[in-house]
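Visitor: Got a structure for you, written out below as structure tokens; questions coming shortly.
Each reported figure results from applying straightforward, stated rules to the coordinates on display, with no laboratory input. Since we're looking at a predicted model, the values are computed, not measured. No Cβ is skipped: glycine too gets one built from the backbone with ideal geometry, and neighbour counts run over all protein chains shown.
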Amino acid sequence: MLILSEPFDACIWAIAACAFWGMMRFGETTVKSRGAFNGSLHLKRRDFFAGIDLDNKPYVRIDLPSAKTADLGTMAQSVYLPAQCNHCPLGALQNLFRIVPADPDDPLFSWCDSKGEIRPMVKSRAMDGINHVLQAWGWGTTFGHSFRIGGASFFLAQKMGPKIVRLAWRWKSLAYQTYIRAFEQTAARHIGGLDM
């Protein structure tokens with residue numbers, strides 16, 4: 001169980017919510033090691049912008065300083081996160097900022113240790129934390145790309161057009177369709193033929 005008043009857990013929750021709703025690559029939200037954080041490559045607090053959309057609803061824009069699908073020398077890619085009813089990424093980020101106050105050049109997804117030192121979230125530690133929660137609930141384990149795949153599956157199940165999913169969440173190829181087809185085949189195997 002995550003304790004959202006704890007810095008490490010607040011960071012895990014913000015990463016999970018943003019990675020799912022924003023279909024972000026887990027490597028965009030974490031670093032490989034504590035010393036690997038580089039402000040020109042990794043997200044910083046200054047890369048976060050809150051706004052109000054045309055329907056007067058809140059949203060967040062996260063500008064990625066570098067991205068797997070960005071060509072060298074092009075503008076930064078952005079992730080847009082609208083408010084959600086359940087497991088809202090905006091609420092998760094607000095909680096993180098309240099629990100872990102940091103400077104504009106500190107990592108966006110960071111936590112503070114018992115000495116008050118700001119630390120970037122390391123990918124292996126984030127996955128361990130998430131899998132600890134999942135296993136405690138008897139849900140098995142996951143991997144970083146599960147959030148991106150899960151977000152795409154969710155939006156497609158809500159009848160969002162595949163082209164919108166591909167463009168809005170920065171897929172250069174049609175690779176996301178492979179994930180969706182694999183999910184459909186697995187789901188059919190496990191839930192097909194159930195007596196109701």
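Visitor: Using the 10 angstrom Cβ neighbour count as an exposure proxy, how do LEU81, LEU96, LEU156 rank, fewest first?
Guide: Placing the least packed residue first, the sequence is LEU156, LEU81, LEU96.
Visitor: Between PHE154 and GLN84, what is the spin-label point distance in nm, taking each point 7 Å from the Cα along the Cα→C-beta axis?
Guide: Going by the 7 Å Cα→Cβ label model, 0.2 nm.
Visitor: Ranking VAL165, VAL79 by Cβ neighbours within 10 Å, fewest first, what do you get?
Guide: VAL165, VAL79
Visitor: Here's something else I'd like to know. Listing GLU117, GLU28 from the residue with the fewest other Cβ atoms within 10 Å to the one with the most, what is the order? Each step should come with its number before you reach the end.
Guide: Values: GLU117 9, GLU28 25.
By the 10 Å Cβ count, ascending: GLU117, GLU28.
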